[in-house]
Amino acid sequence: MELPLIIAVAAVAIFSVFITPKAKSNGAFFNGLSPKGKPPGLLMLTFSQVTTWIFARSLLNAAILGFYYGIWGTVAYAAYYLSFLTGAKIIDSVRFKHGFDSIQAFLTDRFGKWGTQCYNFVVGIRLVSEVFANILVIGILFGIAGSSSYTIAVALFAIVTLVYSMLGGLHASLRTDLFQMVLFLILLAALTIVVITTGHLNTATLMFKSFSISDPGPVLIVVALLQIWSYPMHDPVMMDRGFLADRETTLKSFYHAAWISFACIMLFGSFGIVAGANAGSGETMNQVLLRILGENPMLLFNITLVISAMSTLDSTLSSASKLVAVDMRWIEPSRANGRITMAVFVMLGLLLVFWGNKDLFSAVAVSGTASMYLAPVIFFSLWGGRTDIPLWSYLASFAIAITGAALYFTESAGHSQLLGESHKYTKLLFISLTVLISGCLLFWAGIVSQKQQPQLSSTTG
């Protein structure tokens with residue numbers, strides 16, 4: 001299977017480079033404008049939203065969760081895609097209600113430089129983890145970690161995607177996203193038809209795991225429903241696409257992306273459910289699928305993962321260059337500096353691939369937990385319109401979220417057992433609830449303290 005997969009990947013990569021226009025202005029490189037200076041249309045923006053969020057790690061996670069926890073595991077992962085609905089509300093408020101041109105500008109207005117520094121820290125971790133995770137999936141498909149095929153596949157994939165990303169920046173990413181999404185949908189439809197015709201995809205198979213509220217799948221559904229309020233705001237790829245087009249096009253792209261993404265994740269996750277229902281003792285998901293489907297369907301399965309990895313990686317790199325050069329202003333916002341930034345992020349991602357954690361879902365859970373410090377910001381400052389939240393409330397909420405993210409990482413990796421021996425997703429639910437409730441209480445306490453200050457001053461006088 002390796003040679004056909006290599007040929008397929010090479011074909012997609014070469015065509016992606018072929019359709020990539022070289023960015024001739026900063027507007028094209030950082031803001032996605034066409035050579036004529038026009039923003040993306042609804043179809044391009046929607047498909048770009050979908051394909052940059054249905055990345056290889058997501059597909060693999062949805063299938064793996066389905067394999068172990070049945071339909072409830074896949075539903076849990078699909079629930080994260082409701083973030084498009086909350087993301088639409090966030091963008092509409094930041095951009096069209098409050099009039100800011102970036103999330104950083106809003107946070108600076110509300111909380112000063114600390115507002116953006118905390119945010120950029122979380123966003124930076126998110127971007128590096130995305131580069132790492134999508135490169136890692138390629139390595140998993142092509143060989144065992146440490147093997148020559150693994151190393152070569154990872155290096156070539158990273159270099160090819162970096163090349164066409166550096167050529168055209170965000171506009172190139174939007175164009176290749178459109179092509180890659182169309183190809184992804186064709187392959188997903190073909191794979192679904194194959195699985196259905198084998199007779200393995202049916203109601204009995206999908207429901208091979210019964211529902212129990214204390215099981216990992218249902219617990220993870222609750223976690224997702226807690227994290228989707230803040231999750232989109234910490235994802236720069238989604239947020240960047242909220243500032244490209246007019247209000248109607250932007251909101252429609254978010255709404256359409258929500259249902260398309262949910263459907264795609266459920267479809268791909270169902271392959272993992274099929275594998276779980278037919279698994280023998282000690283069999284992995286890929287081994288089961290290869291046994292019951294054969295080599296050609298598995299080739300389609302792997303090609304869809306490669307395409308989604310490529311489409312996400314180029315978008316992540318364009319967002320990374322915009323974050324460092326435009327939003328953080330660490331360097332001059334030029335195309336040359338943007339390209340250098342892309343190369344640095346790819347190197348960081350490669351370092352993590354060869355020396356980092358190999359748990360794909362841990363990156364989602366850790367960044368999702370860290371992002372929850374933004375939930376009270378959204379509830380009180382953005383949607384509530386409060387401008388009197390003290391800085392200490394913001395910083396304390398940030399500190400608790402980062403602590404919670406670190407705690408989950410150590411607990412899920414087995415480095416600590418401070419929360420006992422319960423399942424790691426039960427621990428994640430407890431941590432998420434604690435972070436969310438604590439953050440909201442801190443913001444409420446900050447409002448109360450601000451109201452009491454004039455009274456205290458008056459009494460003292």
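Table for the structure above
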item: Every pair of residues 6+ apart whose Cβ atoms lie under 8 Å, when the first sits in the stretch 317-338 and is touching a residue at least 12 places away in the same chain (Cβ under 8 Å) while the second is acidic (D, E); result: S318/D240; S319/D240; K322/D240; A325/E332
item: The one condition in (1) buried (at least 24 other Cβ atoms within 10 Å of the Cβ); (2) more than 30 Å from L350 (Cβ to Cβ) that S270 fails to fulfil; result: (1)
item: Test result for A224, under 17 Å from the mean Cα position of the chain (by Cα), on the phi < 0 side of the Ramachandran plot, surrounded by 20 or more Cβ atoms within 10 Å (Cβ to Cβ) and touching a residue at least 24 places away in the same chain (Cβ under 8 Å); result: yes
item: Residue match in the stretch 41-61 (condition: surrounded by 24 or more Cβ atoms within 10 Å (Cβ to Cβ), in a loop (DSSP other than H, G, I, E, B) and of a type in the set (A, V, I, L, M, F, W, C)); result: yes
item: Unique match (being within 30 Å of G32 (Cα to Cα) and modelled with pLDDT of 95 or more) among I340, I437, I431, I378; result: I378
item: Leading residue by the ranking (farthest from the chain's Cα centre (by Cα)) among those in the stretch 311-355 that are polar (S, T, N, Q) and closer than 17 Å to V131 by Cβ; result: T341
item: Filter result (within 15 Å of the chain's Cα centre (by Cα) and at pLDDT 95 or above) within the stretch 84-129; result: F84, L85, T86, G87
item: Residue among L317, L289 that is buried (at least 21 other Cβ atoms within 10 Å of the Cβ) and over 24 Å from G168 (Cβ atoms); result: L289
item: Hits in the stretch 383-406 (condition: in a helix (DSSP H, G or I) and crowded, with 22+ Cβ neighbours inside 10 Å); result: S393, Y394, S397, F398, A401, G404, A405
item: Pick from the stretch 254-281, criterion of a type in the set (S, T, Y) and not in a loop (DSSP other than H, G, I, E, B), ranking: farthest from the chain's Cα centre (by Cα); result: S270
item: Residues of the stretch 224-250 that turn out to be closer than 19 Å to I54 by Cα and not small (G, A, S), as a count; result: 16
item: One residue from I193, I125 being in contact (Cβ under 8 Å) with a residue 12 or more places away in the chain and more than 13 Å from L350 (Cα to Cα); result: I125
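The values are calculated or read from the model by the stated rules, or taken from the named source; none is laboratory data. Fair warning: this is a prediction, and the values are worked out from it, not measured in the lab. All Cβ positions, glycine included, derive from the backbone under ideal geometry; neighbour counts span all protein chains shown.
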